[in-house]
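FYI, it's all coordinate maths here, none of it is from the lab. Quick caveat: nothing in here was measured; it's all calculated off a predicted structure.
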Amino acid sequence: MTLAKLVEHFELHPDHAVETQLQEAAAEVFGPGGGNRPSEPEVDVKPLHAKIVELRLESSFLEGALRKAGLLGAKR
C-alpha cells in the first residue's frame, strides 16, 4: 500500500505520515550501529588524559619560571 493510500485510509494529514516515516528512518540511521558505515573503534582516553595533565604541568612550571625571571607580565 502506498503512503498516499495509507494517509487516506487512516484519515491522516500527509505531513504526519511523512514525519512518522522520518522519525523511524532517523532511528535506524542515527541509532546504535545505524547507517551503512562501519562503526569506529573505541578510543582509549587514558593516554590522552595523561598527556593533558603532563602538558598542563609543563605549562604551569614554565609560566612560574618565566614569571620568576621577570620575562612574563602580569597574571592572566
Discussion item. Please enumerate, by chain and number, the aspartates and glutamates with C-alpha under 15 Å from the C-alpha of residue 46, excluding those fewer than 8 residues away in the same chain.
Written reply: 54
Worksheet entry | Partner aspartates and glutamates for residue 68 [C-alpha distance under 17 Å; skip if fewer than 8 residues away on the same chain] | 58
